[in-house]
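One structure below.
Read-outs throughout are calculated quantities, based only on the coordinates presented, and are distinct from any laboratory measurement. Bear in mind that the values here come from a model prediction, so they are computed numbers and not experimental data. Note that each Cβ is placed from the backbone with ideal geometry, even for glycine, and that neighbours are counted across all protein chains shown.
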Number of protein chains: 2
Amino acid sequence: MEKIPILKMGDFLLVTIQVELHDQLALALQDDLTQKLARSGTRGVLIDISALEIVDSFIGRSLAHIAGIARIMDAATVLVGMRPAVAITLVELGMTLKGVRTALNIDKGMQLLREAAGAAGAAPSPS
Amino acid sequence: MEKIPILKMGDFLLVTIQVELHDQLALALQDDLTQKLARSGTRGVLIDISALEIVDSFIGRSLAHIAGIARIMDAATVLVGMRPAVAITLVELGMTLKGVRTALNIDKGMQLLREAAGAAGAAPSPS
């Protein structure tokens, strides 16, 4: 069965979605991600959708769902690499991806996650 | 047409291969990668194949080919996430992936690339 790989990258998990996220696959991804989050103790998840030309309401809901699960497991989710056409379609569909943060690319997404971790975790106290 | 995304991640490019790498796709990946290398000036490429359950001789050759092209364009390539079964099959096929460095996971691959860049580039001279 095809599966979406979840890569551990330093302090974050990276999910690159390249195939259409159908029912089964979205559920499998949720399962995998929760297990990886529990095992690795990471505080940030990057979901890259730069390969997706189409994001319909099902995929949008799945992504929001995954972000919600991650949040409960004390991890922030940032969606990166959204194509302009996809952003237009999502808004036309009435989906605002509430609760999901977005960034233009991986570098900016990682920066966002680091800032979030810095603000939430033990605040760095420069002596 | 499906396409394998190439993500810029800090100083490196990350290619996650999730679908079977057929003829057209391998060529498209070569094209894309050379253009990204030329444009971004990165010195390291990580190719993640953790999603691949099968790596046949065609894919093996394609990966070696891509690493060769990257080398000419002054970038090191590290193959990460190979499954144990894939490693066994490759050796049984007589493919040793000559000229392609490998690492167990992304973190170790990035470390390898950093070391390679440090050794090849302007040597850090601690005062």
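Numbers at a glance
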{"read-out": "Pseudo-label separations to other copies for residue A:31 - Cα-to-Cβ vector, 7 Å, nm", "value": "3.8"}
{"read-out": "Dipole magnitude of the protein assembly as shown, debye to nearest 20 (Cβ charges: Lys/Arg +1, Asp/Glu -1, about Cα centre)", "value": "780 debye"}
{"read-out": "Region A:1-76: trypsin sites (Lys or Arg not before Pro) in DSSP coil with no more than 16 other Cβ atoms inside 10 Å", "value": "A:3"}
{"read-out": "Rounded to 5, percent antiparallel among DSSP beta bridges of chain A", "value": "25 percent"}
{"read-out": "Amide hydrogen neighbours beyond the local backbone of residue B:47, cut-off 5 Å, H modeled", "value": "B:15, B:78, B:79, B:80"}
{"read-out": "Helix runs (DSSP H) in chain A reaching 20 Å along axis by Cα, Kyte-Doolittle at least 0.0", "value": "A:57-72, A:106-120"}
{"read-out": "Net charge contributed by nearby residues that have their C-beta within less than 9 Å of residue B:106 (K/R +1, D/E -1)", "value": "0"}
{"read-out": "Virtual spin-label span in nm between residue B:65 and residue B:40, 7 Å along Cα→Cβ", "value": "2.2 nm"}
{"read-out": "Gyration tensor (alpha-carbon) shape descriptor, region B:39-121, a/c threshold 1.5", "value": "prolate"}
{"read-out": "Computed [θ] at 222 nm, deg cm²/dmol, the protein assembly as shown (DSSP H ≥ 4; -39,500 (n - 2.57); rounded to nearest 500)", "value": "-15000 deg cm²/dmol"}
{"read-out": "Region A:46-84 and region B:41-105: distance between their alpha carbon centers, rounded to Å", "value": "29 Å"}
